Amino acid sequence: MKANKADLLFGEQTLQQRSVDLLRSAGLSEVLISRNENHENTDYLVDIYPNKGPLGGIYSALKQTPNDLFVVAIDMPLLNRDLVIRLLNFYDQQKVFNKKMYVAHFSHSPLPIYIENNPVTQGYLHATLTTNDSNCSIKQFIKSCQGASLEHPQVNAFSNINTPVQYNELCKAHSIK
């Protein structure tokens, strides 16, 4: 991107502030932020295993809090409160029937994801992050965990920004300068 995505503006807010506000609007009061740089800022989590991608941040967050995690990608500005609440409710409903369920996400999109904070999840992530040549992708993590996926009608809400062209196109499509 040639810039940190978290600091990109989408409307009047940075993508990071949009994500924080989204999570809080859905009733999640504790918001942890993992970023690849600027670790001198005490508001951000420092990855225990740096340069391991999103799984490194997820593992660090699991070690930081006893709570389960609801993880969003910073580069999904169209994600909305209704979808976050829908996934949270889906996890709660599914957990009643499957006591071993550790993750829930929307089908066809690894993020956002609800992750149960337990020794099994932490153990898997620790082993993955400390093994050379292991697959540190969220998709592989999901395949390895017990969980459930939820169909979603709002496919465009999961659009993410990976290039300046995608960022400009998304801003243009939503009349954002």
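The values are calculated or read from the model by the stated rules, or taken from the named source; none is laboratory data. Here the structure is a predicted model, which means the values were calculated and not measured. Please note: Cβ atoms are built from the backbone with ideal geometry, for glycine as well, and neighbour counts cover all protein chains shown. Keep in mind that these areas ignore ligands, DNA and RNA; they rest on the heavy atoms of the full protein, side chains included. Shrake-Rupley method; radii C 1.70, N 1.55, O 1.52, S 1.80 Å.
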With the cut-off at 1.5 for a/c, could you classify the stretch 126-177 from its C-alpha gyration tensor as rounded, prolate or oblate? oblate
Amide H partners (placed H, <5 Å) of Phe10, local residues excluded: Leu15
Whole-Hz Karplus ³J(HN,Hα) for the stretch 133-145, in order, using 6.51 cos²θ - 1.76 cosθ + 1.60 and θ = phi - 60°, x for Gly and Pro? 6, 7, 7, 9, 8, 5, 4, 5, 4, 4, 4, 7, 9
Projected onto the charge dipole of the chain (unit charges on the beta-carbon of Lys, Arg, Asp and Glu, signs +1, +1, -1, -1), the Cα from Tyr44, Phe158, Leu170 with the largest positive-side position is that of Phe158
Taking a probe of 1.4 Å, how large is the accessible area per residue of the chain, in Å²? 56
Diagonalise the Cα gyration tensor of the chain and give the resulting equivalent ellipsoid semi-axes, square root of 5 times each eigenvalue, largest first, whole Å. 25, 20, 15
Helical contribution to [θ] at 222 nm, DSSP H n ≥ 4, -39,500 (n - 2.57), averaged over the chain, rounded to 500: -11500 deg cm²/dmol
With the contact rule set at Cα under 8 Å and sequence spacing of 6 or more, what percent relative contact order holds for the chain? 24
Using DSSP to define loop residues, name the trypsin sites (Lys or Arg not before Pro) in the stretch 1-78 whose beta-carbon has at most 15 other beta-carbon atoms within 10 Å. Lys2
With a/c under 1.5 counting as rounded, go ahead and sort the stretch 74-168 into rounded, prolate or oblate using the C-alpha gyration tensor (a ≥ b ≥ c being the square roots of the eigenvalues; past the cut-off, prolate if a/b is larger than b/c, else oblate). oblate
Step through the residues of the stretch 167-177 one at a time and calculate ³J(HN,Hα) from phi using the Karplus curve (6.51 cos²θ - 1.76 cosθ + 1.60, θ = phi - 60°), rounding each to whole Hz and writing x for Gly and Pro. 4, 5, 5, 5, 4, 4, 5, 10, 6, 10, 8
Looking at Asn89, Leu15, Ala26, which one has the Cα that reaches farthest to the positive end of the dipole of the chain (charges on Cβ: Lys, Arg +1; Asp, Glu -1)? Asn89
Which far-off residues, 5 or more places away or on another chain, put their amide H under 5 Å from the one on Val46, with H placed in the peptide plane? none
Whenever you get a sec, compute what percent of the accessible area on the chain sits on carbon and sulfur atoms (1.4 Å probe). 50
Rounded, prolate or oblate: which fits the stretch 1-104 when a ≥ b ≥ c are the square roots of the eigenvalues of the alpha-carbon gyration tensor, with rounded for a/c under 1.5 and prolate only if a/b beats b/c? oblate
